[in-house]
């Protein structure tokens, strides 16, 4: 026989209803934790691997110069016929600050060209960022509204794309370039693209 409360509702049912939100929360938390353990978020797949780069026509960052010459913006012609690393960055992005030494190192590799897409950034802030750390980019386009970055499949900054001579995306690195992923992942991918 099921006991009832003063209102006549079964006690077991009321206890279950009280515990239901807690059980739902525990279930969602378990799914979330299981999902985090599934792998490295920097290995998010990209539907654009092997596909031509999206239409890109970005103006230069206003008043950005290097050695007294204006730094050009970025378009598809810039990426044609060369192996290119396209780094999507912003001055407000903390990990972008951390990857600058590795971008500087990559900028000295004459076999590739390093270009940047400045994502949703004020031109003054972008210039200050590059003046503070040094500009590793031979071209840097201003993506003020973020539309071009979305076309590239950017989830968040920083992200780096390796583009082959054929103008197709060969590899995508989500997150900042670090000592570990530069040696273990990015340099081998660059070598493959150069063959």
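The table below gives the values:
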{"item": "Top-ranked residue in the stretch 91-106 [being out of contact with any helix residue (DSSP H, G or I) (no Cβ under 6 Å at 6 or more places or on another chain) and over 17 Å from residue 183 (Cβ atoms); ranked as surrounded by the most Cβ atoms within 10 Å (Cβ to Cβ)]", "result": "96"}
{"item": "The stretch 56-87 - residue that is modelled with pLDDT of 95 or more, under 11 Å from residue 140 (Cβ atoms) and assigned to a strand (DSSP E or B) and, of those, farthest from the chain's Cα centre (by Cα)", "result": "70"}
{"item": "Selection count where residues are modelled with pLDDT under 75, closer than 28 Å to residue 150 by Cβ and outside any loop (DSSP other than H, G, I, E, B), scope the stretch 15-55", "result": "7"}
{"item": "Counted residues, the stretch 145-167 - those being farther than 19 Å from residue 98 by Cβ and surrounded by fewer than 16 Cβ atoms within 10 Å (Cβ to Cβ)", "result": "6"}
{"item": "Selection from the stretch 59-84 of residues that are touching a helix residue (DSSP H, G or I) at 6+ places or on another chain (Cβ under 6 Å) and either surrounded by 14 or more Cβ atoms within 10 Å (Cβ to Cβ) or outside the structural domain of residue 123 (by TED's automatic domain parsing) (or both)", "result": "61, 64, 83"}
{"item": "All positions within the stretch 113-137 that are touching a strand residue (DSSP E or B) at 6+ places or on another chain (Cβ under 6 Å) and more than 14 Å from residue 158 (Cβ to Cβ)", "result": "113, 135"}
{"item": "Residue in the stretch 125-140 that is surrounded by fewer than 14 Cβ atoms within 10 Å (Cβ to Cβ), closer than 24 Å to residue 47 by Cβ and touching a residue at least 12 places away in the same chain (Cβ under 8 Å) present", "result": "no"}
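Per-residue answers, yes or no, for (1) under 18 Å from the mean Cα position of the chain (by Cα); (2) assigned to a strand (DSSP E or B); (3) not assigned by TED's automatic domain parsing to the domain that holds residue 59:
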| site | (1), (2), (3) |
| --- | --- |
| 115 | yes, yes, no |
| 131 | no, no, no |
| 135 | no, no, no |
| 170 | yes, yes, no |
| 180 | yes, no, no |
| 186 | yes, no, no |
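The values are calculated or read from the model by the stated rules, or taken from the named source; none is laboratory data. Predicted model only: the values in this text are computed from it and were never measured. Heads up, the Cβs are rebuilt from the backbone with ideal geometry, glycines too, and the neighbour counts pull from every protein chain shown.
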